Amino acid sequence: MVSDRPGGPFRDALGEPLLADSLTPTKSYDPCVFVDDDADRTPYIVFGTPVWAGGDSYYIARLNEDMISLAERPRKIELDNDADDKPDLFKRDGVYYLMWQSFYATSRNVYGPYTFCGHGGAANEHGNIFQWNNQWFHCFGVQDPTFTFRSTAMCYVHFKKDGSLVEDDMIVVQGVGQYQADWARIQAEWFMAGEGIRKQENAYNGFDVVADRDVAWVRYPNIRGVGEDAGLSLRGACFPPNGCAIEVREGDPQGELLGMLEVDPRDAPLDSWRGYLPVNLRMRNRAGGLDLCLVFRGEGADLFRFDWFRFW
């Protein structure tokens, strides 16, 4: 279906299926469209079903520029594991990730061979992984116990140093982009937008958000139940020799200043896990909901490695 507007109206582009049933030995429902990051922004369509559903694995075909016709006959993807329902394909740091539910396999070639890696930890139904505002998300279906209805869940996705994929089970239940001020910890990697930042694995079997330049920022909207003039504790490590400053703002990097603190790297040894310390301040804020934006200021890269925060 095609339209000139995302809200429609949509019309049938071809008058017939793009993927005819006779095209491959597998059924062609629940496809994924993937656009590569190569010079030509090459589009592909991926589809297929497992043996138990009457298929024989996943297939992939390059699409023409019009996105509604095939540029090649579909090829069977080389995969060292049994396929399942509803494939998804995305790319990160030159590696292709082929997913079904939260199982995934990786390859350096879009056609494979793909090596099975395991389960990311969250989804048991159809899904897609995507990147938005410097954050990775997995959006997928959730069946009710009677398998009558299907709703939607979403979680954050993180990547370890070796490229393995990790999903947040807790946020599947709570939902992304919303937080409670009485949580014992709000993890830094649960942000909804940021610039000048990156996520990286830390020594605590978790992830940091690293501010990599002056005026780097990260945003946590929809924090409920924040008390008036609340205390805020951030746990992290400061590495530049001159330290850094952290501005606490409402909404965005230019929003109302609610507080600021200076972080002295002498309080955080560089050669030990003890380099992570809590830094505290008292905000000037109204009670109720808060869209929290943290702005990091200083010279050099790796200004602040930020693990989690909480209110008091």
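The values are calculated or read from the model by the stated rules, or taken from the named source; none is laboratory data. What you are looking at is a predicted structure, and each value in this text was computed from that prediction instead of being measured. Quick reminder, even Gly has a Cβ in these numbers, built from the backbone with ideal geometry, and neighbours come from all protein chains shown.
Summary table below
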| read-out | value |
| --- | --- |
| His138, sole failed condition from (1) on the phi > 0 side of the Ramachandran plot; (2) within 16 Å of the chain's Cα centre (by Cα); (3) not acidic (Asp, Glu) | (1) |
| Subset tally (residues that are of a type in the set (A, V, I, L, M, F, W, C) and touching a helix residue (DSSP H, G or I) at 6+ places or on another chain (Cβ under 8 Å)) for segment 276-312 | 4 |
| Qualifying position, being among the acidic types (Asp, Glu), closer than 25 Å to Val142 by Cβ and within 26 Å of the chain's Cα centre (by Cα), among Asp40, Asp88, Asp36 | Asp88 |
| Among the residues listed as Arg41, Arg5, the single one being under 21 Å from Tyr97 (Cβ atoms), assigned to a loop (DSSP other than H, G, I, E, B), at pLDDT 95 or above and out of contact with any Ser or Thr (no Cβ under 8 Å at 6 or more places or on another chain) | Arg41 |
| Residue selected from segment 220-251 under the condition surrounded by 15 or more Cβ atoms within 10 Å (Cβ to Cβ) and acidic (Asp, Glu), by the criterion farthest from Gly206 (Cα to Cα) | Glu250 |
| Met1 surrounded by fewer than 19 Cβ atoms within 10 Å (Cβ to Cβ), in contact (Cβ under 8 Å) with a residue 12 or more places away in the chain, more than 28 Å from Cys117 (Cα to Cα) and touching a Pro at 6+ places or on another chain (Cβ under 7 Å) | no |
| Qualifying residue in segment 117-132 (condition: surrounded by fewer than 16 Cβ atoms within 10 Å (Cβ to Cβ) and in contact with a His (Cβ under 9 Å, 6 or more places away or on another chain)) | yes |
| Of all residues in segment 145-193 being among the hydroxyl-bearing types (Ser, Thr, Tyr) and touching a helix residue (DSSP H, G or I) at 6+ places or on another chain (Cβ under 9 Å), the one that is surrounded by the fewest Cβ atoms within 10 Å (Cβ to Cβ) | Tyr156 |
| Within segment 149-158, considering residues that are more than 24 Å from Ala105 (Cβ to Cβ) and not in a loop (DSSP other than H, G, I, E, B), the one modelled with the lowest pLDDT | Arg150 |
| Yes/no for Asp208 being touching a residue at least 40 places away in the same chain (Cβ under 8 Å), of a type in the set (D, E, K, R), assigned by TED's automatic domain parsing to the domain that holds Glu299 and in a strand (DSSP E or B) | yes |
| Segments classed as strands (runs of 3 or more DSSP E), wholly inside segment 217-298, with at least 1 members that are in contact with a Phe, Trp or Tyr (Cβ under 8 Å, 6 or more places away or on another chain), modelled with pLDDT under 95 and more than 19 Å from Arg310 (Cα to Cα) | 244-250 |
| Tally, over segment 176-204, of residues that are in a strand (DSSP E or B) and not β-branched (Val, Ile, Thr) | 10 |
